[in-house]
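Here the structure is laid out as structure tokens; the discussion comes afterwards.
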Amino acid sequence: MDLQLTGKIALIVASSKGLGKAIAKQLAEEGCDVMLTSRSAGQLAVARQHLLPSAKGRVECCPCDITNLDDIQRLVAETRERLGPVDILINNASAINLTRTEETPAKRFDLMFDVNVRGTFLTSQAAIPFLRDSAEAGRNPHILNLSPPLSMKPKWFKNHVAYTMAKYGMSMCVLGMSEEFKRDGIAVNALWPRTAIDTAALQMIPGVDTAACRTPEILSDSAYIILNRNSKECTGNFFVDDEVLASEGITDL
């Protein structure tokens, strides 16, 4: 990898904890200027203090409700004002509800689609003008969605239809936007873990053995590799974490 992240501006949605925070830490340590965001101002402040000691780039934070269009537009504008125009957008915000059809309340259905699909689409939409400028300046712009490879096999749907549809909505953004913005030189890719990742959200799901899960750093290492790839050549991919690491010779997980 001959590209570098030093001095790039990264906006990471849902980055006060878990996967988003791990990716933010990795990028900040590599010299990125990072904007943290989540709904909780208190959690953001704690996350920022955790990242600062090892950060080589600037770390800012901005509370944002990803279901609110005004908040999204303000977030992108504040990132531009406080750090600079966005070069990297990580769409990590996700609502999860692993319930079968009859056990899925309408409010949970709506929340998953508001956060996962609508939030990803509108945040990407708001960032595109800056990412296009980034491409014109040769700064290697990327959108990376934390979402799964698209597969129409019923086994991925049968136990949680609503959740799978919502996550696939994020992946369909990758499918369409990667082709739409290919000529602009903006990479749009997806990244998904091979196994469950030990996060606070997963710990809230009954029956999950977190001792058998991998750590968030596997995702952050994978994201770092992807974001260093040439945005004009690496787009439209549905990456799986261990495959990304293996492509760089990292197999001891």
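The values are calculated or read from the model by the stated rules, or taken from the named source; none is laboratory data. Nothing here was measured: the structure is a model prediction, and the numbers come from that model. Backbone-built Cβ (ideal geometry, glycine too); neighbour counts: all protein chains shown. Heavy atoms of the whole protein, side chains included, go into the accessibility calculation; ligands, DNA and RNA do not. Shrake-Rupley method; radii C 1.70, N 1.55, O 1.52, S 1.80 Å.
Residues of region 198-228 that are open to solvent by 60 Å² or more (accessible area, probe 1.4 Å), part of a loop (DSSP other than H, G, I, E, B) and either farther than 18 Å from G20 by Cβ or modelled with pLDDT of 85 or more (or both): P206, G207, D209. For region 141-164, a residue qualifies if it is open to solvent by 20 Å² or more (accessible area, probe 1.4 Å) and either within 19 Å of G7 (Cβ to Cβ) or assigned to a loop (DSSP other than H, G, I, E, B) (or both), and the qualifying residues are P149, L150, S151, M152, K153, F157, K158, N159, H160.
Rundown of residues vs (1) in a helix (DSSP H, G or I); (2) open to solvent by less than 50 Å² (accessible area, probe 1.4 Å), yes/no style:
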site: L44; (1), (2): yes, yes
site: K56; (1), (2): no, no
site: I66; (1), (2): no, yes
site: L75; (1), (2): yes, yes
site: G84; (1), (2): no, yes
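The set of residues from region 229-253 being among the polar types (S, T, N, Q) and either open to solvent by 50 Å² or more (accessible area, probe 1.4 Å) or farther than 23 Å from T6 by Cα (or both) comprises N230, N237, S247, T251. Considering region 15-42, and only residues there that are open to solvent by 30 Å² or more (accessible area, probe 1.4 Å), in contact (Cβ under 8 Å) with a residue 40 or more places away in the chain and part of a loop (DSSP other than H, G, I, E, B), the residue that is farthest from I143 (Cα to Cα) turns out to be K17.
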